[in-house]
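The values are calculated or read from the model by the stated rules, or taken from the named source; none is laboratory data. Bear in mind that the values here come from a model prediction, so they are computed numbers and not experimental data. Cβ coordinates were reconstructed from backbone atoms using ideal geometry, including for glycine residues, and neighbour counts include every protein chain displayed. Note: accessible area is taken over every heavy atom of the protein model, side chains too, but ligands, DNA and RNA are not part of it. Shrake-Rupley method; radii C 1.70, N 1.55, O 1.52, S 1.80 Å.
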Amino acid sequence: MSKVLVIGAGGVSSVCVHKMAMNPDIFSDIHLASRTRAKCDAIARSVKERTGQTVSTYEIDAEEVPALTRLIEQIGPRLVVNLALPYQDLPIMDACLAAGVDYLDTANYEPKDEAKFEYKWQWAYHDRFKEKGLMALLGSGFDPGVTSVFAMWLKKHKLKTIRQLDILDCNGGDHGQAFATNFNPEINIREVTAPARHWEGGRFVETPAMSKKVAFDFDQVGPKNMYMMYHEELESLARFLPELERARFWMTFGDAYITHLTVLQNVGMTRIDPVLYQGKEIVPLQFLAAVLPKPETLGPTTKGKTNIGDIATGEALDGSGEKTFYIYNICDHEDAYAETGNQAISYTTGVPAMIGAAMMLTGKWQGDGVFNMEEMDPDPFMDMLNTHGLPWQVHELPAPVDF
Ligand code: NDP
């Protein structure tokens, strides 16, 4: 039924392309392009072995807009799914506009020299997509992505208003390495070392990175320390849920991760500004990313589960007063690896990217312009989570969170 072009060939792309191939009624013709064609070919081989489907592969630098535009025109997809890095968001959106094709991504644009995590650059494309009758869907991963859809599902089915929202991202997996990140190390470390920001009283409040720590007992994972940090869905949630009094994002980290990161930060290895080394400019964080284990190599050794979800408090829809609900998904690293050859962090992002693409290609989610997940009907997306590997559960809690 539909031809799709996926850009980027890392762990998230690998999961997404495998899941697309498992749904040939929606994704009848899959094309995959990235900077290193060999990585596309490796994904295509795995997809062939596991599903029998053929994936066509190409080499492209997505920052070269004219070349990318030509590639999109040559392939003629209905949708471009951007699973490269946040730096490529704007060039890929430019190429989609030039070629007249819809766009989807899982992470908001970031300039290379600033860890900003803001939607403003992509929201500024709204009128251009609208004028061309094209749709761009932003942030269709897990967080951002599913966490926003969870909030909107609670607002549609359980709560009239959401007063307080906490997003809890727990990775209870162990990869057996002294220090490694579960997705692109450069983006992960930029995120974690940026100051924490949460929404309170109609504005963002900034606190030092990793300065607020809380212990929480996660279903099927157990007690973990989680740290408050900034995450990009807080910006879109604050925009589309104007009644929010407070919204925070929490992520779990083990003590060994924190110790390694603290040392790396103290010695300057997480800097994102260039330094002169033997007459050549290098960015310390990019060098660090090059020597750390590649996230896609962690799959075979990672054991344990992720548990990611939202706790929301607000006025109940049925008029029964204030209620608190906890909605989450649990994903098993080993199960994810057995199905697609990738660990759960890539799995929990690649599956929602496939589902977002399915929403657009089947016409369940439509619009002209640039949209966030919060603006779409959560129900068909939530149904597909249940049937495509990321089942969710919702429980009422006796009281709002006390941390
Ligand atoms: P990886 O680093 O594993 O993969 C990125 C891929 O993009 C690589 O294949 C890389 O090519 C390719 N790439 C980089 N630059 C270019 C370029 N200029 N042109 C073409 N291709 C390029 O990242 P992940 O798979 O872990 O993550 C992919 C995306 O998903 C990221 O944007 C990340 O932020 C996002 N993400 C979102 C999450 C969510 O829940 N919303 C969670 C986790 C990740 P090469 O191999 O040659 O370097």
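Remarks
- Dipole check for the range 1-128: with +1 at the C-beta of Lys and Arg, -1 at the C-beta of Asp and Glu, and the Cα centre as origin, the magnitude is about 480 Debye.
- Value of Rg to Rh for the chain, rounded to two decimals, is 0.95; Kirkwood radius and Rg both from alpha-carbon coordinates.
- Pairs from the table (Lys160/Lys303; Lys3/Lys132; Lys116/Lys212; Lys155/Lys364; Lys3/Lys130) lying more than 28 angstrom apart at Cα are Lys160/Lys303.
- For the range 30-106, a/c is not less than 1.5, where a ≥ b ≥ c are the root eigenvalues of the C-alpha gyration tensor, and a/b tops b/c. That puts it in the prolate class.
- Once all protein chains are placed together, Tyr230 keeps about 10 Å² accessible to a 1.4 angstrom probe.
- Positive-end extreme of charge dipole, the range 3-138 - chosen from Ile26, Leu71, Thr106 (charges on Cβ): Ile26
- The chain: relative contact order in percent, alpha carbon pairs under 8 Å with at least 6 residues between: 20 percent
- Ligands, DNA and RNA left out, the accessible area of the chain computed with a 1.4 Å probe is 50% carbon and sulfur.
- What the chain shows is 40 Å² of accessible area per residue, with the surface traced by a 1.4 Å probe over protein heavy atoms.
- Charged side chains reduced to their Cβ positions (Lys and Arg at +1, Asp and Glu at -1) give the chain a dipole of some 420 debye around its Cα centre.
- Sparsely packed loop sites in the range 111-171 (the trypsin sites (Lys or Arg not before Pro) outside DSSP H, G, I, E and B with at most 10 other Cβ atoms within 10 Å) do not occur.
- Percent of Cα-Cα distances greater than 26 Å, calculated over the range 142-277: 29 percent
- Taking all protein chains together and a 1.4 Å probe, the residues Val291, Val47 rank Val291, Val47 from largest to smallest accessible area.
- Whole-Å distance, taken between Cα centres, linking the range 47-75 and the range 250-317: 29 Å
- Once the gyration tensor of the Cα atoms in the range 3-138 is diagonalised, the equivalent ellipsoid follows with semi-axes of 24, 16, 13 Å, ordered largest first.
- Given charges at Cβ of Lys, Arg, Asp, Glu: the range 3-138 dipole, positive-most of Tyr87, Cys40, Gln122: Cys40
- Rh by Kirkwood over Cα pairs, then Stokes-Einstein D for the range 314-377 at 1.567 mPa s and 4 °C, µm²/s: 87 µm²/s
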